[in-house]
Each structure stands twice: as C-alpha cells, then as structure tokens.
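**Student:** Please find one structure pasted underneath; my questions will follow.
Derivation of every value follows stated rules applied to the coordinates shown; laboratory data play no part. The structure presented is a predicted model; accordingly, all values stated were derived computationally and were not measured.
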Amino acid sequence: MSEKFTGDTDMIVRYVMEEKLKNPEVVWDIDEHQEKKLRSLSANSYFYVLCNKIAIKQRISDIEVHDKFLSENRYYYENEGGGIDWKVSPVTPNAYGLIKEKVGKYYEYYVDSGMIVKLEKTQTGDKVKYKDGELVEGRVYWHIKGTHEMTSKELGRVIDSVIFEANQLGIETITPIEKERLLAMWGEKHGEKVNSN
C-alpha cells in the first residue's frame, strides 16, 4: 500500500516514528521536494493571477475582472493644483465606467464622473471640436491609477478586494503574511519607506 504524506521535516520524522512503532517492518521511500514559492511573483502580478482565476470561474474575460476592481478601488491622479486630474471625452465608458488609452506599454485609465459637459476649451486651452466644427459634448472622466502605478498601500486595498472575491468563489489565495511580503517588496521596488515592525 502506497501512502503520501506531506509536511515539514519535523512533521515527517514524527509521522515516520509513530508509524514505525505501529509496524516496524514498513520500509519508507521519502522523496524531497520544495514547495513552489512566489518569489518571482510581484504584488501586481498576483493581482492579475487572481483576476484570471476569477474570470475563469465566472466565465468572463480577465479584462472585465480587472476593470471591475480598478473601478471599485479608485486612486485618483492629482493635477498641479491639488485637484483630481480629468479629461472630457465623447467616448462611451465600458460596463464599469472606464475608458482606457494606450500610452507606451501601459494603459491610462479614466472613470466616468457622471457629468456631461459642452466645452469650448480643454484644460490646456485648446479648442475641442468635432470635424463639423461643433463644440464637443462629452463626459467628464477622472484620471485613475493603474495597478502598476499604485503605492503598496493602494495596491494592498485592491488585492484585499480581489482576495475577498476569490475566497467567495472558492479560489485558493495566498496567506496574509505572504501578501504583506509581496506588498513590502512592491513598496521597496517603488522607493517607499519600509516599516521595520
């Protein structure tokens, strides 16, 4: 009869000793393996891994899951005056109130403010017109951060939301200690002071 037992060294030695007392004739083959660690996984990557697992479970796209969590956990860009950075666009937002613009290898995200305006000038003072010369009527969108731009505290809140939903769906997630380790690494990578507690 073949039995599989997994544990740390102390657990395995205790188990083998207890079994040896029950049956001294048993011969043991012990295979060593190391658990796969999340060392190469960043906090941002973990966000995307869970988005993918949730998408599979809910039979929707990764993008829908990603956009849902960005929209629910908004962190706004501030403009030079300390207010929220914004733009006006005639584009209709997706189901989560977002529009996206590709800038380099990343997207910039904007969330619908619920306001519709007619503008003669943009924030930069340029005229905003359609091809026919009419003034633009558009939605006001607040500029929000993508996960790659968030601080460890901001990203931690987003990951907490994703972990909560994953757990509700029966998806295995990392431990709170592992999550804190990933966030600390994220903070260090982005020049944040690390709390020594």
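**Student:** Give, in nm to one decimal, the length gained when the segment between residue 169 and residue 107 is fully stretched (0.36 nm per residue of separation minus the Cα-Cα distance).
**Tutor:** Full extension from residue 169 to residue 107 adds 19.5 nm.
**Student:** Hey, can you grab everything whose amide H is under 5 Å from the amide H of residue 144? Only 5+ residues off in sequence or another chain; H modelled, so Pro and N-termini drop out.
**Tutor:** Under 5 Å from the amide H of residue 144: 77, 109, 110, 111.
**Student:** Filter the cross-link list 87/179; 57/179; 68/105; 145/179; 87/118; 145/189 down to pairs whose alpha-carbon distance in this structure exceeds 24 Å.
**Tutor:** Cα-Cα > 24 Å for 87/179; rest within.
**Student:** Which whole-Hz ³J(HN,Hα) couplings does the range 158-169 yield from phi under the Karplus relation 6.51 cos²θ - 1.76 cosθ + 1.60, θ = phi - 60°, glycine and proline marked x?
**Tutor:** Per-residue couplings from phi come out as 5, 5, 4, 5, 5, 4, 4, 5, 4, 4, 4, 8 Hz.
**Student:** So what J values fall out for the range 95-107 if you push phi through Karplus, 6.51 cos²θ - 1.76 cosθ + 1.60 with θ = phi - 60°, rounded to Hz, Gly and Pro as x?
**Tutor:** 4, 9, x, 10, 10, 10, 10, 6, 10, x, 8, 10, 9
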